[in-house]
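*Asks:* Got a structure for you, written out below as structure tokens; questions coming shortly.
Only the coordinates and a few stated rules stand behind these numbers; no lab work does. None of the values given here were measured: they were computed from a predicted structure. Because the Cβ atoms are built from the backbone with ideal geometry, glycine has one as well, and the counts that use them run over all protein chains shown.
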Amino acid sequence: MARWYRVEGFLLALATASSIMILFLLAPIAALIIAVDPKTLEEVFITEPSLSREAWLALATTLKASATSTAILVALGVPLAYLLARVSFKGREVVEALIDVPLMIPHAVAGIMVLMAYGRRGVLGPLTAGLGVAVDDSFWGVVAAMTFVSAPIMVDTVKAGFRGVNPTLEYVARSLGASWWRAFTTVTLPLTIESLVTGGLLSWARAISEVGAILIVAYYPKTINVLIVEWFNTYGLRYAASLSLVLVALSLAVFTGIRVVARK
Amino acid sequence: MIVVEDLVVRLGGFTLRIPRLEVVKGEYLVVMGPSGVGKTVFLHTLAGFLTPSKGRILVNGVDVTRYPPERRGFAIIPQDYGLFPHMSVHDNIAYGLRVRGVSKGEARSRVLEVSRALGIEHLLSRRPGSLSSGEKQRVALARALVVEPEVLLMDEPLSNLDPRLRASARAFIKGLRFRVSFTAIHVTHDIAEAIDLGDRVAYMEGGLLVGVYSPKDFLKTPYARPYISSLEPVLKVLGAGKRRNVLGL
């Protein structure tokens, strides 16, 4: 009996800590929902053309840029994650630390770095301009800023996934006649799919949430975050809150949806 | 026939040297040696996962030293069996056939055939996670044998089994050789496996292949002594002193 009491006490402690945590997260969300005036919301997205046009455009830019950023990370970040997980080479730790730099620096600094590298007057400015992806106040600037800040999340998450797959399985597949690509797609990838989806989702979410770096690299075309900051300064909290609610609803819908699908 | 000539593999500070080794078709060669002498490195080099810095590997006269693993025709069974956890037993066994372009129907009948030979027909719809070690071992054997490899590379395939199961697994492999013809290189540090299963025993020490013997001759070498003396307490209790004299040890 004494043992059961102990277990129950432990569960109670867990439940208490969890409740505080959930309340802490829930309070700002609830506060935002309560604070939003339905009339203002309607004005922002439907009835007031000057506002709604800007709001929908910013939302579209955000979704398009964040999707492009995630696609770039899938194309370039996943191979990098696989390489770091499977191949040991001199200086791997330095490469891994470099990838994590955007996680630690202030967002504005990230923006300055991207601008100094890929901006018109940046080290690689002529190259990005030549390729038609100039970053100063352009869609590609938004994508570059988003990709820079969200890359560590994608690479680190997927790398952990690849490390969790026993390399012996790939060896066996190869010895049974599978090419490297076939072994990767039929054995490694299915066993890493959860990490890939998680990495993709988290990096996409991180890209959507970015504002500091974008403000510096590409104020235009405005993303929803830039517009929230602008409206907060121009029209006050009421209008900014209405815009913010869309982002919260979007993230809640996506994350809940993915979990429901994953469970099925 | 597999011929290994003057093979040198360097891995950090470790060097593997195989001056010469021949494995004829249908032979069961056991590679014996203490842990850390490079037995697995040797298997991985044969399989094509490691590139030797010197030497050649010939399969029926063709130099496959620079071939990628999938073109060598060597099927490996790792120590943990390496079954694909996201596939059913059937799909595990069919894997090698499917990647070779064998049709689904043909693959299915060949999987059934090999499963019958190994007595694992009833496991085909199961996932590897729900199998016992002995069952996993048979599935891994079936998966490797179904592609009819030039040689089966087995890395301590019985080490995950408890002693009782190990004895029955040895008997199973011996019996299987009567039903299915295959060539195997079996790595172990268990003398019972080497003597019981091997047509010949290759002994490695300090990264070097020191010799290839018949099981009986191997028991007479100084290399076998430490392994036999580890059995002494058992033999003593059983009063097997006479048997030891017969072996001349």
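*Asks:* How do B:TYR227, A:TYR118 line up, fewest other C-beta atoms within 10 Å first?
*Replies:* In order of increasing Cβ crowding within 10 Å: B:TYR227, A:TYR118.
*Asks:* I'd like to know which of A:VAL114, A:THR234, A:VAL158 lies farthest towards the positive end of the charge dipole of the stretch A:38-263, counting +1 on Cβ of Lys and Arg and -1 on Cβ of Asp and Glu.
*Replies:* About the Cα centre, the residue reaching furthest to the positive side is A:VAL158.
*Asks:* Give the distance, in whole Å, between the Cα centre of the stretch B:85-151 and the Cα centre of the stretch A:136-195.
*Replies:* 28 Å
*Asks:* Taking every DSSP beta bridge with both residues inside the protein assembly as shown, roughly what % is antiparallel (nearest 5)?
*Replies:* Restricted to the protein assembly as shown, the bridges split so that about 55 percent are antiparallel.
*Asks:* Using the Karplus curve 6.51 cos²θ - 1.76 cosθ + 1.60 with θ = phi - 60°, work out ³J(HN,Hα) for each residue of the stretch B:72-89 in order, rounded to whole Hz, and write x for Gly and Pro.
*Replies:* 8, x, 9, 9, 9, 10, x, 4, 9, 6, x, 6, 6, x, 8, 10, 6, 4
*Asks:* Under the definition of Cα pairs under 8 Å and six or more residues apart, what whole-number percent is the relative contact order of chain A?
*Replies:* 27 percent
*Asks:* Determine, for B:ASP190, A:ASP156, the number of other Cβ atoms within 10 Å of each Cβ, and report the residues in order from fewest to most.
*Replies:* Least to most surrounded, the residues fall as B:ASP190, A:ASP156.
*Asks:* Which residue, B:ALA167, B:GLY12, B:LEU238, has the largest displacement toward the positive end of the dipole of chain B when charges sit on each Cβ (Lys, Arg +1; Asp, Glu -1)?
*Replies:* Going by the Cα projections, it comes out as B:LEU238.
*Asks:* Same structure again: Provide the per-residue ³J(HN,Hα) series for the stretch A:211-219, in order, calculated from phi with Karplus coefficients 6.51, -1.76, 1.60 and θ = phi - 60°, each as a whole number of Hz, with x at glycine and proline positions.
*Replies:* 9, x, 5, 5, 4, 7, 7, 8, 5
*Asks:* I've got another one for you. Any idea what the dipole of the stretch B:86-148 comes to, in debye rounded to 20, about its Cα centre with Lys/Arg Cβ at +1 and Asp/Glu Cβ at -1?
*Replies:* 120 debye
*Asks:* Hey, how much of the P(r) for the protein assembly as shown falls beyond 32 Å, as a percent of Cα pairs?
*Replies:* That tail contains 59 percent of the Cα-Cα pairs.
*Asks:* Normalised by the residues of chain B, what does the relative contact order come to in percent, with Cα pairs under 8 Å and at least six apart?
*Replies:* 25 percent
*Asks:* Within a 10 angstrom radius of the beta carbon, how do B:LYS216, A:LYS64 rank from fewest other beta carbons to most?
*Replies:* Starting with the residue having the fewest Cβ neighbours, the order is B:LYS216, A:LYS64.
*Asks:* Classify chain B as rounded, prolate or oblate, taking a ≥ b ≥ c as the square roots of the eigenvalues of its Cα gyration tensor: rounded when a/c is under 1.5, otherwise prolate if a/b is larger than b/c and oblate if not.
*Replies:* Cα axes put chain B in the oblate bin.
*Asks:* What is the spin-label model distance, in nm, from B:ARG20 to A:LEU250 if the labels are put 7 Å beyond Cα along the C-beta direction?
*Replies:* Each label point lies 7 Å from its Cα, and together they span 7.3 nm.
*Asks:* With +1 assigned to the C-beta of every Lys and Arg and -1 to the C-beta of every Asp and Glu, and no other charges, what is the dipole magnitude of the stretch A:38-263 about the Cα centre in debye, to the nearest 20?
*Replies:* That gives a dipole near 580 debye.
*Asks:* What value, in deg cm²/dmol to 500, does the helix sum -39500 (n - 2.57) over DSSP H runs of n ≥ 4 give at 222 nm once divided by the residues of chain B?
*Replies:* It comes out at -12000 deg cm²/dmol, rounded to the nearest 500.
*Asks:* Do you know the relative contact order of the stretch A:116-155, to the nearest whole percent, from alpha carbon pairs under 8 angstrom that are 6+ apart?
*Replies:* For the stretch A:116-155, the relative contact order is 24 percent.
*Asks:* Which whole-number percent of Cα pairs in the stretch A:178-264 have a distance greater than 23 Å?
*Replies:* 45 percent
*Asks:* Using a cut-off of under 20 Å, list every residue of the stretch B:205-221 whose amide N is near the label point 7 Å from the Cα of B:LEU235 along the Cα-to-beta-carbon line.
*Replies:* The answer is B:213-221.
*Asks:* Still on this structure, please answer the following. Among A:PHE162, A:PHE139, A:PHE24, which one shows the biggest mean-square fluctuation in a GNM of chain A, springs joining Cα atoms closer than 10 Å?
*Replies:* Result for chain A, Cα springs under 10 Å: A:PHE24 fluctuates most.
*Asks:* Another question about this same structure. Shape verdict for the stretch B:49-192, please, from the Cα gyration tensor: rounded (a/c under 1.5), prolate (a/b greater than b/c) or oblate.
*Replies:* oblate
*Asks:* Would you be so kind as to identify which of B:VAL62, B:THR40, B:GLY26 lies farthest towards the positive end of the dipole of the stretch B:1-154, taking Lys and Arg as +1 and Asp and Glu as -1 on Cβ and the Cα centre as origin?
*Replies:* Projecting each Cα onto the dipole axis, the largest value belongs to B:THR40.
*Asks:* Scattering from the C-alpha atoms of chain A alone, worked out with Debye: what is log10 I(q)/I(0) at q = 0.08, 0.09, 0.12, 0.16 1/Å?
*Replies:* -0.45, -0.56, -0.90, -1.24
*Asks:* What shape does the stretch A:56-179 have by the C-alpha gyration tensor, where a ≥ b ≥ c are the square roots of the eigenvalues, rounded means a/c under 1.5, and otherwise prolate means a/b greater than b/c and oblate the rest?
*Replies:* prolate
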